[in-house]
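A.B. asks: Please see the structure below; I have some questions.
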Amino acid sequence: MARPTRARDRLVRVTAVTAALCAALLPLGGCLGTDAVRRRPIPQADLSPPAELPQAPAAATPAISATPAALAGQRIGTGGVKVALVLPLSGQGATVGNALRNAAQLAYDEAQQPDLTILVEDDRGTPDGARDATQNALRQGSEIVLGPLFAGSVQAAANVAKTAGKPVIGFSTDATVASRGVYLLSFLPQPEVDRIIEDSVAGGKRSFAALIPETAYGNAVEAEFREVVARRGARVAAVERYPAGAPGPAVERLARVITGPAATADALFIPETAEAMPAVALALTKAGFSPGRVRPIGTALWNEPGLFALPALQGGRFASPDRSGFSNFSGRYQARFGSVPPRVASLAYDAVTLAAALARQYGSQRFAETTLTSGSGFAGVDGTFRFRPDGQSERALAIFEIRNNAAPVVSPAPRVLAKPGI
């Protein structure tokens, strides 16, 4: 088990206002800071992330001092360690991409101008653009690639970076693009499935049913669901799939194991989006489903206040990053750029802060595989995380329980992650 982060382990020397904020990314058990930061706690927040990144503009355009075209090719900082930041500054995803660029600037400034030069490159929201942007950044001496945002672009950037022997820290939620040397700093659904099943088993649940939409997200979580249930010594009572938006027939087929006094399942896994969940909840209620008898469980997709009054979800639980960090980050971002950041902006902030910390601490091994895949992990805006050797990430997650229009934490996110493989 990794050692808890000590007060002396802070990343950077910061002012009283930013001390707590720049504790956002440090190796647990490392010594990356100074006395100026030791006395500051990790900030608290009140938001949690979606499980999927936006595939099109989803927030107000950030206030920036230059056009996306002008930002492409821009440098942040003048340090000796060059880092590529590959983002969609134009084309598909440009609004989110520019917000990520802003978050990177904020991270650099709050790290008190570390020994970094961040080469900002526009991938135009396409794989071809990502390939060209990565090639350009590597020609200029970049040692690591941060981004891109979309799965196809991450794959294209990775092909170039791997040839050059450089690692990638991508922001896609598609775990299939992760691989050795291609790490995903994103909100992957698989750790959420692990956490909610582990919590359920610890609470005495032994028989799991699942109601899963026929979507790419559903495919990904079903595989993880089956694996972790088996790994925890429980059983899968039944699994029903349904076309997106049409859960009724699947609920009827599943009724034999989730309704009535003869129900054989004691937990029902529903990995559905906030938009689609009301229809699923209504179908369950019509079928006679009682959440007091069979507990509904889900992923971070449930972390939407609009779901907290649904009768079928009362007493239900879901796993999500703890509510610490993002509100502070969002407030500072708004003060600097004049707009609310999209939820995924914290990824770029964490990536840059991580690069700065590793450059400060590890010298020539700053971006080596052994450094990036440290089992102790790193503490970020959204809690502790670590990269696995296969490129996927693990996060410390909290468990929330839905009760009466609210979803308080019933099991806090651990400050340190369990030993890898446990």
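The values are calculated or read from the model by the stated rules, or taken from the named source; none is laboratory data. Computed from a prediction, not measured in an experiment: that's the story for all the values here. Cβ atoms come from the backbone with ideal geometry, glycine included; neighbour counts cover every protein chain shown. Just the protein is used for accessible areas: all its heavy atoms, side chains included, with ligands, DNA and RNA removed. Shrake-Rupley method; radii C 1.70, N 1.55, O 1.52, S 1.80 Å.
Results for (1) open to solvent by 10 Å² or more (accessible area, probe 1.4 Å); (2) more than 21 Å from Q155 (Cα to Cα), shown as yes or no for each residue.
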position	(1), (2)
E110	yes, yes
L116	no, yes
A133	no, no
N136	yes, no
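A.B. asks: Can I ask one more? Considering only residues that are open to solvent by less than 40 Å² (accessible area, probe 1.4 Å) and closer than 22 Å to E394 by Cα, which ones fall in region 357-374?
C.D. replies: Within region 357-374, the subset open to solvent by less than 40 Å² (accessible area, probe 1.4 Å) is 357-359, 363, 367-368, 371-374.
Hits for region 357-374 are A357, L358, F367, A368, T371, L372, T373, S374.
A.B. asks: Kindly provide the set of residues from region 230-246 that are closer than 18 Å to A267 by Cα and assigned to a loop (DSSP other than H, G, I, E, B), ordered by number.
C.D. replies: Keep residues of region 230-246 that are closer than 18 Å to A267 by Cα, which gives 230-241.
R232, G233, A234 - these are the residues of region 230-246 that are closer than 18 Å to A267 by Cα and assigned to a loop (DSSP other than H, G, I, E, B).
A.B. asks: Examine region 251-262 for a residue that is in a helix (DSSP H, G or I), among the hydrophobic types (A, V, I, L, M, F, W, C) and modelled with pLDDT under 95, and state whether such a residue exists.
C.D. replies: Looking only at region 251-262, we keep the residues that are in a helix (DSSP H, G or I), and these are 251-258.
Checking which are among the hydrophobic types (A, V, I, L, M, F, W, C) leaves us with 251, 254-255, 257-258.
Then drop every residue that is not modelled with pLDDT under 95, which leaves none.
Checking region 251-262: not a single residue is in a helix (DSSP H, G or I), among the hydrophobic types (A, V, I, L, M, F, W, C) and modelled with pLDDT under 95.
A.B. asks: Sticking with this one: Tell me which residues, restricted to region 375-422, are among the charged types (D, E, K, R), farther than 30 Å from G292 by Cα and open to solvent by 10 Å² or more (accessible area, probe 1.4 Å). Write out each step before concluding.
C.D. replies: Of all residues in region 375-422, those among the charged types (D, E, K, R) come to 382, 386, 388, 390, 394-395, 401, 403, 415, 419.
This time we only want the ones that are farther than 30 Å from G292 by Cα, so: 382, 386, 388, 390, 394, 415, 419.
R386, R388, D390, E394, R415, K419 - these are the residues of region 375-422 that are among the charged types (D, E, K, R), farther than 30 Å from G292 by Cα and open to solvent by 10 Å² or more (accessible area, probe 1.4 Å).
A.B. asks: Still on this structure, I have one more. Considering region 403-418 alone, what residues qualify as being within 16 Å of R195 (Cβ to Cβ), in contact (Cβ under 8 Å) with a residue 40 or more places away in the chain and not hydroxyl-bearing (S, T, Y)?
C.D. replies: Listed by number, the residues that qualify are A407, V409, V410, P412, A413, R415, V416, L417, A418.
A.B. asks: Looking only at region 204-221, how many residues end up being open to solvent by 30 Å² or more (accessible area, probe 1.4 Å), in contact with a strand residue (DSSP E or B) (Cβ under 9 Å, 6 or more places away or on another chain) and without any contact (Cβ under 8 Å) to a residue 60 or more places away in the chain? Break it down stepwise before answering.
C.D. replies: First, pick out the residues of region 204-221 that are open to solvent by 30 Å² or more (accessible area, probe 1.4 Å): 204-206, 214-216, 219-220.
Still in the list and also in contact with a strand residue (DSSP E or B) (Cβ under 9 Å, 6 or more places away or on another chain): 205-206, 214, 219.
Still in the list and also without any contact (Cβ under 8 Å) to a residue 60 or more places away in the chain: 214, 219.
Selection size over region 204-221: 2.
A.B. asks: Also, quick follow-up: Please state which one of R206, R180 is among the charged types (D, E, K, R) and more than 26 Å from E401 (Cβ to Cβ).
C.D. replies: Details: R206 fails: more than 26 Å from E401 (Cβ to Cβ).
Testing whether each residue is among the charged types (D, E, K, R) and more than 26 Å from E401 (Cβ to Cβ) leaves just R180.
A.B. asks: Out of A309, A335, A351, report the one residue that is surrounded by fewer than 24 Cβ atoms within 10 Å (Cβ to Cβ) and under 26 Å from T117 (Cβ atoms).
C.D. replies: Numbers: A309 fails: under 26 Å from T117 (Cβ atoms); A351 fails: surrounded by fewer than 24 Cβ atoms within 10 Å (Cβ to Cβ).
It is A335.
A.B. asks: Can you tell me which of N102, N159 is touching a residue at least 60 places away in the same chain (Cβ under 8 Å) and of a type in the set (S, T, N, Q)?
C.D. replies: On the way: N159 fails: touching a residue at least 60 places away in the same chain (Cβ under 8 Å).
Going through N102, N159 in turn, just one is touching a residue at least 60 places away in the same chain (Cβ under 8 Å) and of a type in the set (S, T, N, Q): N102.
A.B. asks: For region 230-253, name all the residues that are more than 22 Å from F289 (Cα to Cα) and buried (at least 16 other Cβ atoms within 10 Å of the Cβ). Write out each step before concluding.
C.D. replies: Looking only at region 230-253, we keep the residues that are more than 22 Å from F289 (Cα to Cα), and these are 230-233.
Across region 230-253, the qualifying residue is only R232.
A.B. asks: Moving to a separate point now. Tell me the residue from P291, P278 that is within 30 Å of G204 (Cβ to Cβ) and not in a loop (DSSP other than H, G, I, E, B), please. Don't jump to the end; show me each part of the working.
C.D. replies: Values: P291 fails: not in a loop (DSSP other than H, G, I, E, B).
Exactly one residue qualifies, and that residue is P278.
A.B. asks: Starting from region 280-296, keep only residues that are of a type outside the set (A, V, I, L, M), then list their pairs with residues that are open to solvent by 50 Å² or more (accessible area, probe 1.4 Å) whose Cβ atoms are within a distance under 9 Å, requiring at least 6 positions of separation or different chains.
C.D. replies: Correct list of pairs: T285/P311; P291/P311; R293/P261; R295/G203.
A.B. asks: While we're here: Is it the case that region 192-203 has a residue that's farther than 23 Å from R293 by Cα, open to solvent by 10 Å² or more (accessible area, probe 1.4 Å) and not basic (K, R)?
C.D. replies: No: region 192-203 contains no residue that is farther than 23 Å from R293 by Cα, open to solvent by 10 Å² or more (accessible area, probe 1.4 Å) and not basic (K, R).
A.B. asks: Additional query: Of these, E227, E272, which one is surrounded by 20 or more Cβ atoms within 10 Å (Cβ to Cβ) and either part of a loop (DSSP other than H, G, I, E, B) or charged (D, E, K, R) (or both)? Break it down stepwise before answering.
C.D. replies: On the way: E227 fails: surrounded by 20 or more Cβ atoms within 10 Å (Cβ to Cβ).
None of the other options fit; the residue is E272.
A.B. asks: What are the residue pairs meeting all of these: first residue in region 123-152, first residue within 14 Å of A164 (Cα to Cα), second residue surrounded by fewer than 19 Cβ atoms within 10 Å (Cβ to Cβ) and among the small types (G, A, S), Cβ atoms under 7 Å, and 6 or more apart or on different chains?
C.D. replies: So the pair list comes out as L138/A164.
A.B. asks: Out of curiosity, is L372 within 12 Å of A103 (Cβ to Cβ) and modelled with pLDDT of 95 or more? If you could, list the steps in order and put the result at the bottom.
C.D. replies: Working: within 12 Å of A103 (Cβ to Cβ): no; modelled with pLDDT of 95 or more: yes.
Answer is no for this residue.
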